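The values are calculated or read from the model by the stated rules, or taken from the named source; none is laboratory data. Remember, predicted model here, so these are calculated numbers, not experimental data. Every residue, glycine among them, receives a Cβ derived from its backbone with ideal geometry; neighbour counts consider all protein chains shown. Areas reflect the complete protein model, heavy atoms only, side chains present, ligands, DNA and RNA absent. Shrake-Rupley method; radii C 1.70, N 1.55, O 1.52, S 1.80 Å.
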Amino acid sequence: ASALPTFESSESSVAPTDSDDCSLAGIPLWLSDAQLAGIPVRDLNRLMEQQRLTEDQIARVKRYRRMLKNREYALSSNRRKDELCADLERQRDELRQLAASQAASLRAHRGRIEDWQVKIAGLEALLDGRAELQQLPDGFSMMRPKDEAADAAGDCSTVPKSTGYQYH
């Protein structure tokens, strides 16, 4: 069996209350609250037996010890909850930043899509012969769909006939 601890302090770190149910007032146990909460049950039982405590005193010690353990558990539970809340808040902030970044990226992509849609519509109109192309590469100023009446009158361009366009 293990040796019983010897303790010097006879005062509890918690002030006694009016109710004997939650204090060790008048009970000769030389343990601090931390020692009482941490001592193994077998050692505590031997110590109480050596001190010749009454059944009522033993019950009060056990209730007080349980109260101390519950307090420790509540404190550790609150710490874990606080840590979890802090972690969740950090994750929330990271997700908000990610959402803002993704929204900006989406706006940029939508802008590019709109640009391409305008270009595609212009090319489709050009291919359908419904629009004029105002700017051309290599210094050409304008191309229009081929005018069949002008072509019949002999006004032909240098653009090959296969394109369907003439230069004006």
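Quick look at the values:
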quantity: Selection status of residue 69, open to solvent by 90 Å² or more (accessible area, probe 1.4 Å), part of a helix (DSSP H, G or I) and of a type outside the set (Ser, Thr, Tyr); calculated: no
quantity: Filter result for residue 32 (at pLDDT below 95 and surrounded by 17 or more Cβ atoms within 10 Å (Cβ to Cβ)); calculated: yes
quantity: Criterion violated by residue 3 - all others in (1) within 21 Å of residue 74 (Cβ to Cβ); (2) at pLDDT below 90; (3) open to solvent by 40 Å² or more (accessible area, probe 1.4 Å) satisfied; calculated: (1)
quantity: Neighbours by Cβ (under 7 Å, 6+ apart or cross-chain): first from the range 53-79, more than 19 Å from residue 43 (Cα to Cα); second at pLDDT below 95; calculated: 72/37
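Here's the yes/no breakdown for (1) of a type in the set (A, V, I, L, M); (2) more than 30 Å from residue 34 (Cα to Cα); (3) in contact with a strand residue (DSSP E or B) (Cβ under 9 Å, 6 or more places away or on another chain); (4) at pLDDT 95 or above:
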position: 75; (1), (2), (3), (4): yes, no, no, yes
position: 79; (1), (2), (3), (4): no, no, no, yes
position: 89; (1), (2), (3), (4): no, yes, no, yes
position: 92; (1), (2), (3), (4): no, yes, no, yes
position: 115; (1), (2), (3), (4): no, yes, no, no
position: 119; (1), (2), (3), (4): no, yes, no, no
